[in-house]
Amino acid sequence: MNRRKFLGLGLAAAAVLPTAINAVDFRKTKPDTWTAHKVEDGIKGLFGDIKAEASDKIKLKTPKVASNGGAIPINIKTDIDAKTVAVFQDVNPESTVAVFSVPEGGIVDYGMKIKMKGSGKITIIVEDRAGKFHSKVNELEVALGGCEG
Amino acid sequence: MGNMKIKVKSKSGVAKAKVMAKHIMLPYEAAKKKGVDANFITLLTGKVGDKVVFEISPSQFVSKNPLFKFQFKTEGMKAGDKLEMSWTDLSGKTVTEDKKIKGL
């Protein structure tokens with residue numbers, strides 16, 4: 001199990017403290033983000049009360065219309081010196097889809113497939129190493145909803 | 001061996017990786033309908049030696065048999081180095097597999 005201390009994320013309840021936690025602890029230290037229904041609550045559960053600035057620097061590639069809601073390909077790319085990249089959507093029972101911990105000097109160019117119950121918005125929040133938050137939202141249509149693949 | 005398909009190739013200092021893990025990624029709602037426990041990968045990490053090059057906490061909303069694409073810098077890595085991928089799921093199961101990085 002990875003015990004590397006890379007990240008500086010605070011605990012959900014307290015203010016943001018730069019203690020290093022690795023990704024698996026997100027499930028234990030930030031339980032609220034995984035049960036949050038609304039995107040804002042998912043973001044709050046993970047990062048606390050933050051203000052993310054919409055950013056052109058985040059390239060979020062999503063299909064305009066996804067034919068299969070059980071496997072929607074998305075690609076996230078950015079040059080921002082990112083520490084954490086979080087993916088949310090607003091149509092599933094819970095809003096948080098995945099959280100990437102970016103290693104020091106890492107490259108943010110991620111591809112993966114996600115499930116969405118129906119048409120909606122995907123929100124990406126990038127936390128950079130200076131502690132600033134950037135966001136990007138894409139809207140897409142889903143032809144066949146798929147929360148259960 | 002044989003749960004994950006790992007493809008990783010390095011060129012001009014950057015390695016591109018494609019990793020597919022065989023996993024049902026069953027969400028809570030679907031599991032309830034089937035009368036079984038939900039189960040999905042909760043953590044996937046990629047390491048080369050001691051260095052973590054990829055780390056994601058997925059949820060039940062990542063697709064079945066998830067395929068992840070990512071990249072990392074190969075500075076300091078040498079021929080023969082392997083990308084070691086390790087995942088843990090909700091049930092506590094852990095699978096670790098590795099593959100030599102091509103092109104180093």
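The values are calculated or read from the model by the stated rules, or taken from the named source; none is laboratory data. The structure displayed is predicted, hence computed values, not measured ones. Here Cβ is always computed from backbone atoms with ideal geometry, including for glycine, and neighbour counts include all displayed protein chains.
The one condition from (1) at the interface with chain A (Cβ under 10 Å from one of its Cβ atoms); (2) under 21 Å from A:W34 (Cα atoms); (3) in a strand (DSSP E or B) that B:Q71 does not meet is (2). Residues that are of a type in the set (S, T, Y) and at pLDDT 95 or above were ranked within region B:10-31; the one that is nearest to B:K99 (Cα to Cα) is B:S10. Of all residues in region B:44-65, those that are within 7 Å of chain A (Cβ to nearest Cβ) have Cβ atoms under 6 Å from Cβ atoms of residues that are of a type in the set (F, W, Y) and not in a strand (DSSP E or B), 6 or more apart or on another chain, in B:S57/A:F26. Suppose we keep only residues that are more than 25 Å from A:V108 (Cβ to Cβ) and touching a residue at least 24 places away in the same chain (Cβ under 8 Å) within region B:25-34. Which one would you say is nearest to the other protein chains (Cβ to nearest Cβ)? This residue is B:P27.
Somewhere in region B:35-42, is a residue aromatic (F, W, Y), facing chain A (nearest Cβ under 9 Å), buried (at least 16 other Cβ atoms within 10 Å of the Cβ) and under 16 Å from A:P93 (Cα atoms)? Checked against the condition, which is being aromatic (F, W, Y), facing chain A (nearest Cβ under 9 Å), buried (at least 16 other Cβ atoms within 10 Å of the Cβ) and under 16 Å from A:P93 (Cα atoms), region B:35-42 yields no hits at all.
Residues in region B:74-86 that are surrounded by fewer than 18 Cβ atoms within 10 Å (Cβ to Cβ) and in a loop (DSSP other than H, G, I, E, B): B:E75, B:G76, B:K78, B:A79, B:G80.
Taken as a whole, the condition of being at pLDDT 95 or above and assigned to a strand (DSSP E or B) does not apply to A:P63. Scanning region A:91-139 for residues that are part of a loop (DSSP other than H, G, I, E, B), surrounded by fewer than 19 Cβ atoms within 10 Å (Cβ to Cβ) and in contact (Cβ under 8 Å) with a residue 60 or more places away in the chain yields A:E104, A:G131, A:K132. Out of the residues in region B:87-104 meeting the condition of being closer than 25 Å to A:F88 by Cβ and part of a strand (DSSP E or B), tell me which one is nearest to the other protein chains (Cβ to nearest Cβ). This residue is B:T88. Can you tell me which residue among A:I76, A:I58 is crowded, with 17+ Cβ neighbours inside 10 Å, at pLDDT 95 or above, touching a strand residue (DSSP E or B) at 6+ places or on another chain (Cβ under 7 Å) and within 11 Å of another protein chain (Cβ to nearest Cβ)? Residue meeting the stated conditions: A:I76. Among all positions in region A:114-129, there is at least one residue which is within 21 Å of A:F47 (Cα to Cα) and among the polar types (S, T, N, Q).
Does A:G45 qualify as being modelled with pLDDT under 95 and within 12 Å of the chain's Cα centre (by Cα)? So A:G45 passes the test. When A:I80 is tested against (1) of a type outside the set (S, T, N, Q); (2) assigned to a helix (DSSP H, G or I); (3) over 22 Å from A:K113 (Cα atoms), only condition (2) is not met. Of the set (1) over 22 Å from A:V97 (Cβ atoms); (2) out of contact with any Leu (no Cβ under 7 Å at 6 or more places or on another chain), all apply to B:V48 but (2).
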